[in-house]
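Visitor: Just dropping this structure here.
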Amino acid sequence: MDKPRILTVAVVGAGILGSRHARVFHEHAVTRLVAVMDVDFELAEAVAAKYGARAYESMDRMLETEKPDVVSVATPDFAHT
């Protein structure tokens, strides 16, 4: 049987939900957390460091640099636009 493809994942939002998303993607066998992005860079750094990912405060820079397979949006509803 072929090994499953490992998907690279970035999480947008480093609050309560974002940190939970980051933990799950870090622990899952077929995902690799590569980035955490938040406008509060210190918060992004804290979550990213906990799971061995890179921190970003710019969505564009994160996407250009990491080119993740999956982006998990874990920001408040009003910030989804």
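Rule-based calculations on the coordinates, nothing more; no lab input. A quick note: this is a predicted structure, and the numbers were derived from the prediction, not measured. Note that each Cβ is placed from the backbone with ideal geometry, even for glycine, and that neighbours are counted across all protein chains shown.
Visitor: Of all trypsin sites (Lys or Arg not before Pro) in region 1-74, which ones are in loop regions per DSSP and have a Cβ with at most 16 other Cβ atoms within 10 Å?
Guide: Passing sites in region 1-74 are Arg5.
Visitor: Also: Ranked highest first by the average count of other Cβ atoms within 10 Å around their residues, in what order do 69-78, 6-15 fall?
Guide: The most tightly packed comes first, giving 6-15, 69-78.
Visitor: Then there's this: If you average 1/r over all unlike Cα pairs in region 7-76 and invert the result, what Kirkwood radius do you get in angstrom?
Guide: 11.2
Visitor: Something else: Give the long-range amide H neighbours of Thr31: residues separated by 5 or more places, or on another chain, with amide H under 5 Å away, using H modelled in the peptide plane at 1.01 Å from N.
Guide: Answer set, sorted by chain and number: Leu7.
Visitor: Quick check for me: using +1 on Lys/Arg Cβ and -1 on Asp/Glu Cβ, what's the dipole size of the chain about its Cα centre, in debye to the nearest 20?
Guide: In total the dipole reaches around 400 debye.
Visitor: While we're here: Around Val11, which amide H atoms from residues at least 5 apart in sequence, or from another chain, sit under 5 Å from its own amide H, with H modelled in the peptide plane?
Guide: When sequence neighbours closer than 5 places are left aside, the close amide H contacts are Ala35, Val36, Met37, Ser72.
Visitor: For the chain, calculate the relative contact order in percent as a whole number, restricting contacts to Cα pairs under 8 Å that are 6 or more residues apart.
Guide: Here the relative contact order equals 37 percent.
Visitor: How large is the helix-only mean residue ellipticity at 222 nm for the chain, computed as the sum of -39500 (n - 2.57) over DSSP H runs with n ≥ 4, divided by its residue count, in deg cm²/dmol to the nearest 500?
Guide: Calculated mean residue ellipticity at 222 nm is -11500 deg cm²/dmol.
Visitor: Once the dipole of the chain is set up with Lys and Arg at +1 and Asp and Glu at -1 on Cβ about the Cα centre, which of Val39, Leu17, Ser58 lies farthest towards its positive end?
Guide: Farthest towards the positive pole: Leu17.
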